Amino acid sequence: MSKTGTTDKPDPWRVPIAVAQIPETGLHRDIEADQAVRNAVADVGGLRDVLLARASFDVTPERGGRFHVAGRVQARIGQTCVVTLEEIETDIDEPVDLVFAPPEQIPQMAALIDEAEESDDEVPDPPEPIENGMIDLGRLATDALYLAVDPYPRKPGAVFEPVVEAADPEDHPFAALKALKVESKTPGGRKPKGK
């Protein structure tokens, strides 16, 4: 789920937390987007509507200045069914489990992950960078929401059925050749012998 900060537009939901203020025992944060933020999240994400967006995170310090962030993002979004073109609402409930690290540790940790990919062990996600001493829980929630969006939403029970047209007897592979066929006839209206 490593996709924070992937859009060129400004972050629509900002809830920064200074890592220097996170106690050794960690902290818990419940956040919920207001109407203006939900509208911005919908606009940036290309969604018809965001009716609800909330998240619950536990941020725990780890050794080496790293922080573990775990929690859930829940949302209700408005989309358009790709089959019926009707407006539908979709619920999202996405788990989050990431490690944030100081930027100078990212290359070293990425190299360790590359080594782990060559073995049969389970490969962890690469860490996210702590930017300017902050972890932005709003950005994290927004990215989790975007990653959970179904790009081809369907209304329950909607099935695409292609339009079936009756076959035209004149529409076959040799129809064009038949139209081009020129019969050669003798002046008396008879076909030449041997043809």
Do you know which residues across region 117-132 are farther than 17 Å from R29 by Cβ, at pLDDT 65 or above and surrounded by 11 or more Cβ atoms within 10 Å (Cβ to Cβ)?
D125, P126, P127, P129, E131
Filtered residues of region 20-43 (kept if within 30 Å of E86 (Cα to Cα) and surrounded by fewer than 18 Cβ atoms within 10 Å (Cβ to Cβ)):
E32, D34, Q35, A36, N39, D43
Considering each residue of region 46-69, count those that are at pLDDT below 95 and buried (at least 16 other Cβ atoms within 10 Å of the Cβ), and give that number.
2
Tell me, yes or no, whether region 69-85 has at least one residue that is more than 17 Å from the chain's Cα centre (by Cα) and farther than 26 Å from P151 by Cα.
yes
Single residue of D43, D97, D93 found to be modelled with pLDDT of 85 or more, in a helix (DSSP H, G or I), within 24 Å of the chain's Cα centre (by Cα) and not hydroxyl-bearing (S, T, Y)
D43
Tally the residues that are in a strand (DSSP E or B), among the charged types (D, E, K, R) and more than 20 Å from V149 (Cβ to Cβ), restricting the search to region 46-68.
1
Looking at I17 and the list (1) surrounded by 14 or more Cβ atoms within 10 Å (Cβ to Cβ); (2) in contact (Cβ under 8 Å) with a residue 60 or more places away in the chain; (3) closer than 26 Å to Y152 by Cα, which single condition is not satisfied?
(3)
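Residue-by-condition table, conditions (1) modelled with pLDDT under 95; (2) more than 27 Å from R38 (Cα to Cα); (3) surrounded by 12 or more Cβ atoms within 10 Å (Cβ to Cβ):
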site	(1), (2), (3)
G71	no, no, yes
A75	no, no, yes
P102	yes, yes, yes
Q105	yes, yes, yes
E115	yes, yes, no
When E62 is evaluated against the numbered criteria (1) touching a His at 6+ places or on another chain (Cβ under 8 Å); (2) charged (D, E, K, R); (3) touching a residue at least 60 places away in the same chain (Cβ under 8 Å), which criterion, by number, is the only one it fails?
(3)
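The values are calculated or read from the model by the stated rules, or taken from the named source; none is laboratory data. Computed from a prediction, not measured in an experiment: that's the story for all the values here. Note: ideal-geometry Cβ built from the backbone for every residue, glycine included; neighbour counts use all protein chains shown.
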